[in-house]
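Visitor: I have a structure I would like to understand better, so I am pasting it below and will then ask my questions one at a time.
Quick note: the coordinates plus some simple rules give every number you see, no bench work behind them. None of these values were measured; they are calculated from a predicted model. A quick note on method: Cβ atoms are made from the backbone with ideal geometry, for glycine too, and the neighbour counts reach across all protein chains shown.
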Amino acid sequence: MGLIERFFKEPRWGVHPDDHKRPAADAPLRMLPPPARLYMPLHQHVGGAARPIVLVGQKVLKGELLADAQGNISAPIHAPVSGTISAIGEVTAPHPSGLGFAAITIDNDFAGRWIETDPVSDPFALAPEEIARRTGKAGVVGLGGATFPAAIKFALGKRLQVGTLIVNGGECEPYLSSDDRIMRDHADQVIDGARIVMHAIGAREALVGIEDNKPEAIAAMRIAAAPFPEVKIRPVPARYPMGSDKQLIQTLTGKEVPADARAAEVGVLVHNVSTCAAVHKAIRLGQPLVERIVTLNGGAVKTPGNLFVPLGTLVDELLDFVGRVATPARLILGGPMMGTPLLHGRIPLVKGASGILAFDAQEALIPAAGPCIRCGSCTRACPMGLLPIEMAAHIRAGDLDGAVGFHLSDCISCGCCAYVCPSHIPLVQYFSHAKGELMTKERAKLRSEATRRLAEARVERVERETREKAAAAARRKAERDAAKAKTAAAALATTPVTQVEGEIA
Amino acid sequence: MSLHSIPAPVSAPHTTTANTVSRVMATVMLALAPATLFGFWLYGWPAIYLWVITVASAMLGEAFCLRLMQRPATPILMDGSAALTGWLLALSLPPWAPWWIGVLGGLFATVLSKQVFGGLGQNLFNPAMVARVALLISFPVQMTSWVGPLPLDAVTAPGPLAGLLITFKGMPPGLDAMTSASLLGFAKTEMSRGIDLLQSLTQAPALSWIGSRPGSLGETAGWLIAAGGVAMMALRVITWHIPVAMLLGIAVPAAILHAIDPAHYMSATTHVFSGGVLLGAFFIATDYVTSPNTPRGQLIFGAGCGLLTWVIRTWAGYPEGVAFAVLLMNSLTPIIDSYVKPRIYGRDRKGTALEPVK
């Protein structure tokens, strides 16, 4: 059986990096003492930035609304501690550019006083729309890293009549264990949250996909899910990128999400385990999303493990708490396969931050790139079935359209190709570059099209105005002529009369 | 503590495989080692010298080109690809061939069929096979005189010094009588004289399971070559597609025609265990650079190599066809790669998006 499983059931895509999850995953969850000052960025999600509704100097309670959602796709931001608003200004964004973005600074009063919450004892009595509304108001976004506002996905699932909720406990990125930890320590919250989400989208069943390298999490989740037959715990092979929506859907249901389509169109919706726990808190306790579990890991960390931290805490404070063995050679937000490099540690923690990795010099070392030997490892590793070498060859030659012909747009940027390359060619980096270039081109094209439309509209307007003016002038002239003719005619008509009259007279 | 001193970071992924080009080459060499050592024992000192000369010439040729292009030679030589090319070529030569065959072949392989194209990964044709074919066409006599096995511990086997003389000054008259044609060459010659296989094969050098017969280093130790190939599959250096397809490509037509007319067509076993088929299937045709990239493309490529080998052996002028077949299929690799692509997730084979199924 085992051999047959291995040959026929094991997915052929993906890579199997050394996962480095333990001992960090096994260390008990620690609480970070809330820091003296926190920085809540206004843009921690996909969509429009939140709009601040507080003033500098204002006192706020924990969980109080700081900035409201703005636009169709957006999420509100709440106070992670009680205290005083001390500034609204720029901080460094968690982005490789190191550019700034707007954030609200709060000075902690260390009272830890919550706002008045509105708990719901029976969420299943609420209308699905009400659950979506409350989840949206609590600022819950996808905590697996995508940070898409959860409530909008609920509405989409409801509209497209999704039958299956997939709960993503894959956590396939090496080093990370925050989802593992939440499943081990708060399995009941995850399961309850998943059932609330099912109610919100009208799903009949929930499949919880957990990689088989997390046996403790699988056991805890099985116990928590035992009373609910509609929630099924499904261990999946540990293989990167199993936590990617498309790959997890295929592994659990056998369905493929068509290119350029959404998962909901094949009747499934994916939510991360941590997102489900956040939904549980938002509905059952009425608490907005202001804290999360973060993995601190990497060779430069003295005591690797998971921390429960308020959002807005600086990365440096997290590293101070866990200690450093050496000066980190590289700081990463997220996992090593897709994470964002951070320029320094004075960057606040955001909702989508599942881990902070501090790599030592040896971990950070990537050998210099060599020539491609066409070994085909990248082709075998690509979970999307693309041809990374061909796309990279076209991009290197500046032929972006050629790369698009190989369906560059289907690339999910998982990094398998670059990871597996024995020549260490930065393949996925080429693709990210090309996607950026294409997006810039597309935007430039849209802009020039808009300019052209405006210019054409102007020419047309000027012509029309000239035409109208001419027409008006012609009309006026005609009217004048007509009037003149009329008066002339009238004059002509009256004159004889007078003449006649005169004659008569 | 501030971390402002960190240099500008690169983008994800921040980790990479421990696999390297040198490691891949080293694994292939390790897989070749048992067959090579067995060949050394079987053919003695001249074979060892020829191997050393061929490998050294291939590396020298590569170093010369790199120097000419003003690129650092040592790190590129350390990737092991030039040495492996020389090694594979040496395994396909008659073990007692003169020194200049090794020198010309080694230089030919890395200079004219690899570096001229732009170095590692750029050549269209398999360098070892280009060199072998060039030698075969230029020096047919030296390239087809096969010596019978004379194990190192045999009384008549040449010692280190006598071996040196054989390699550098040619075959001494006493040992000259030992050379013979290979089984394939013998059968072809007899066939052209009108003697069919049923008669000629009774006098032919027997097909020996332990390799005790005239042939190249890579031919006689067939089982060890195959074992090395299977080890490479287990280590995931190569996949099964090319070897299996190539062996089937030659065995299936051979078996069918042999069943119909055994007087004119050799059996599948004779085909598979003669000449360079096993070396070709596991080590030559599987060369990454010159073979297709997708599993289905590799099946087509392997089957083509096998079928062409059989066609050349059966009907063409040369008794052996592995090198020609591999080179012909090498030229088709870009075409196979542009027609045979993997199916993309969410799309059909033609690349159009799938219909959503609830």
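Visitor: Determine the equivalent ellipsoid of the range A:257-339 by diagonalising the alpha-carbon gyration tensor, then write out the semi-axes as square roots of 5 times the eigenvalues, largest first, rounded to whole Å. Please list the in-between numbers first.
Guide: Details: eigenvalues 199, 82, 17 Å².
Working from the Cα gyration tensor, I get semi-axes of 32, 20, 9 Å.
Visitor: Here's a follow-up. Counting each DSSP H run of 4 or more residues in the protein assembly as shown as -39500 (n - 2.57), what helix-only mean residue ellipticity at 222 nm follows after dividing by all residues, to the nearest 500 deg cm²/dmol? Walk me through the intermediate numbers first.
Guide: Numbers: 30 runs with 385 residues, N = 863.
When only DSSP H runs of four or more count, the value is -14000 deg cm²/dmol.
Visitor: Oh, and also: How about A:K255: which aspartates and glutamates have a C-alpha closer than 15 Å to its C-alpha, ignoring those fewer than 8 places off in the same chain?
Guide: Those aspartates and glutamates meeting the cut-off are A:D245, A:E265, B:D348, B:E355.
Visitor: In the protein assembly as shown, which Cys residues have no partner Cys with a Cβ closer than 4.7 Å?
Guide: A:C172, A:C276, A:C372, A:C375, A:C382, A:C411, A:C414, A:C416, A:C421, B:C65, B:C305
Visitor: Report the full-extension gain for the segment A:D188 to A:E205: residue separation times 0.36 nm, less the Cα-Cα distance, to one decimal in nm. Numbers along the way, then the final one.
Guide: Values: separation 17, 0.36 × 17 = 6.12 nm, distance 1.70 nm.
Net length gain for the segment: 4.4 nm.
Visitor: Please determine, in degrees from 0 to 90 and to the nearest 10, the orientation of helix B:127-138 with respect to the longest principal axis defined by the Cα atoms of chain B, where the helix direction is its Cα long axis.
Guide: Around 30 degrees separate the two axes.
Visitor: Using only the alpha carbons of the range B:23-132, what is the convex hull's orientation-averaged projected area in square nanometres? Walk me through the numbers before you get to the answer.
Guide: Details: hull surface 25.0 nm².
Mean projected area of the Cα convex hull: 6.2 nm².
Visitor: Once Rh is set to the Kirkwood radius over Cα pairs, what Stokes-Einstein translational diffusion coefficient, in µm²/s, holds for the range B:77-118 at a temperature of 4 °C and a viscosity of 1.567 mPa s? Working shown, then result.
Guide: Values: Rh = 10.7 Å.
Here the translational diffusion coefficient equals 121 µm²/s.
Visitor: Kindly give the semi-axes, whole Å and largest first, of the ellipsoid equivalent to the range A:328-441, taking each as the square root of 5 times a Cα gyration tensor eigenvalue. Mind dumping the intermediate values first?
Guide: Numbers: eigenvalues 144, 62, 32 Å².
Sorted largest first and rounded, they come to 27, 18, 13 Å.
Visitor: Please give the direction-averaged projected area of the C-alpha convex hull for the range A:15-105, in square nanometres with one decimal. If you can, show how the numbers build up before the last one.
Guide: On the way: hull surface 35.6 nm².
Answer in nm², one decimal: 8.9.
Visitor: Can you list the residues, at least 5 places off or on another chain, whose amide H is less than 5 Å from the amide H of A:R330, using H built in the peptide plane?
Guide: For A:R330, whose amide H was placed from the backbone, the distant partners under 5 Å are A:F359.
Visitor: Neighbouring Cβ atoms within 10 Å as the yardstick, rank B:M233, B:M246, B:M59 fewest first.
Guide: Values: B:M233 17, B:M246 34, B:M59 20.
Taking fewest neighbouring Cβ atoms as first place, the list is B:M233, B:M59, B:M246.
Visitor: Sticking with this structure for a sec: In degrees between 0 and 90, to the nearest 10, how far off the longest principal axis of chain A does helix A:187-201 point, with axes built from Cα atoms?
Guide: Here the helix axis deviates by roughly 30 degrees.
Visitor: Compare B:S182, B:S291, B:S200 in a GNM of chain B, Cα atoms joined below 10 Å, and give the one with the largest fluctuation.
Guide: B:S200
Visitor: When the gyration tensor of the range B:85-145 is built from Cα positions, what are the square roots of 5 times its three eigenvalues, in whole Å, from largest to smallest? Before the final figure, lay out the partial values.
Guide: Details: eigenvalues 88, 20, 16 Å².
Working from the Cα gyration tensor, I get semi-axes of 21, 10, 9 Å.
Visitor: Moving on to the next point. According to the Kirkwood expression over distinct Cα-Cα pairs, how big is the hydrodynamic radius of the range B:229-358, in Å?
Guide: Working: mean 1/r = 0.0637 Å⁻¹.
Kirkwood radius, the range B:229-358: 15.7 Å.
Visitor: Out of B:V155, B:V326, B:V340, any idea which swings most in a Gaussian network model of chain B, alpha carbons joined below 10 Å?
Guide: Between B:V155, B:V326, B:V340, it is B:V155 that shows the largest mean-square fluctuation.
Visitor: Taking other Cβ within 10 Å of each residue's Cβ, how do B:E62, A:E90, A:E442 sort, fewest first? It would help to have the intermediate numbers written out before the result.
Guide: Working: B:E62 29, A:E90 13, A:E442 10.
Ordered by Cβ neighbours within 10 Å, fewest first: A:E442, A:E90, B:E62.
Visitor: How big is the antiparallel share of DSSP beta bridges in chain A, given as a percent to the nearest 5?
Guide: Details: 37 of 61 bridges.
Bridges in chain A that DSSP calls antiparallel: roughly 60 percent.
Visitor: Right, something else. Could you please rank B:Y345, B:Y339, placing first whichever residue has the fewest other Cβ atoms within 10 Å of its Cβ?
Guide: On the way: B:Y345 22, B:Y339 11.
Ordered by Cβ neighbours within 10 Å, fewest first: B:Y339, B:Y345.
Visitor: Just need log10 I(q)/I(0) for the range B:21-339 at q = 0.07, 0.15 Å⁻¹, Debye formula, equal scatterers on the alpha-carbon atoms, no solvent, rounded to two decimals.
Guide: Rounded to two decimals, the profile gives -0.26, -1.23.
Visitor: Further, regarding this structure: Give me the distance between the Cα centres of the range B:237-293 and the range A:188-210, rounded to whole Å.
Guide: What the calculation gives is 55 Å, centre to centre.
Visitor: Hey, what angle do you get for helix A:150-159 against the long axis of chain A, alpha-carbon based, 0 to 90 degrees rounded to 10?
Guide: It works out to around 70 degrees.
Visitor: Next up: Could you compute the net charge surrounding B:T15? Neighbours are other residues with a C-beta less than 14 Å from the C-beta of B:T15; K and R count +1, D and E count -1. Present the calculation step by step, with values, prior to reporting the outcome.
Guide: Values: positive: A:K21, A:R330; negative: A:D18, A:D19, A:E173, A:D360, A:E363.
Charge balance near B:T15 sits at -3.
Visitor: Nearest 0.05, what FRET efficiency do A:I73 and A:A483 give at R0 = 45 Å with Cβ-Cβ as r? Spell out each step's value before the answer.
Guide: Details: r = 62 Å, r/R0 = 1.38.
FRET efficiency, A:I73 to A:A483: 0.15.
Visitor: Out of all DSSP beta bridges with both ends in the protein assembly as shown, state the antiparallel percent to the nearest 5.
Guide: For the protein assembly as shown, the DSSP antiparallel bridge percentage is about 60.
Visitor: In addition: Return the sequence-ordered ³J(HN,Hα) values of the range A:428-435 in whole Hz as given by the Karplus equation 6.51 cos²θ - 1.76 cosθ + 1.60 applied to θ = phi - 60°, using x for Gly and Pro.
Guide: 5, 5, 4, 5, 4, 4, 5, 4
Visitor: Based on Cα positions only, what radius of gyration and what Dmax would you give for chain A, in angstroms?
Guide: Expressed in Å, the Cα Rg and Dmax of chain A come to 31.5, 132.
Visitor: So what's the convex hull volume per residue for the Cα atoms of the range B:9-67, in Å³?
Guide: On the way: hull volume 5.9 nm³, N = 59.
Hull volume normalised by residue count: 101 Å³.
Visitor: If you don't mind, there's one more thing I want to ask. Collect residues whose amide H, placed 1.01 Å from N in the peptide plane, falls under 5 Å from the amide H of A:V208; neighbours closer than 5 in sequence don't count.
Guide: Amide H neighbours of A:V208, under 5 Å, 5+ apart: A:V167, A:K232, A:I233, A:R234.
Visitor: Among B:T202, B:T17, B:T294, which one moves the most in a GNM of chain B with springs linking Cα atoms closer than 10 Å?
Guide: Judging by the Gaussian network model, the answer is B:T17.
Visitor: For the protein assembly as shown, what is the convex hull volume of its Cα atoms per residue in Å³?
Guide: Spread over its residues, the Cα hull of the protein assembly as shown gives 307 Å³ apiece.
Visitor: May I ask for the percentage of alpha-carbon pairs in the range A:375-473 that lie more than 25 Å from each other?
Guide: Details: 2032 of 4851 pairs.
Every Cα pair in the range A:375-473 considered, those over 25 Å come to 42 percent.
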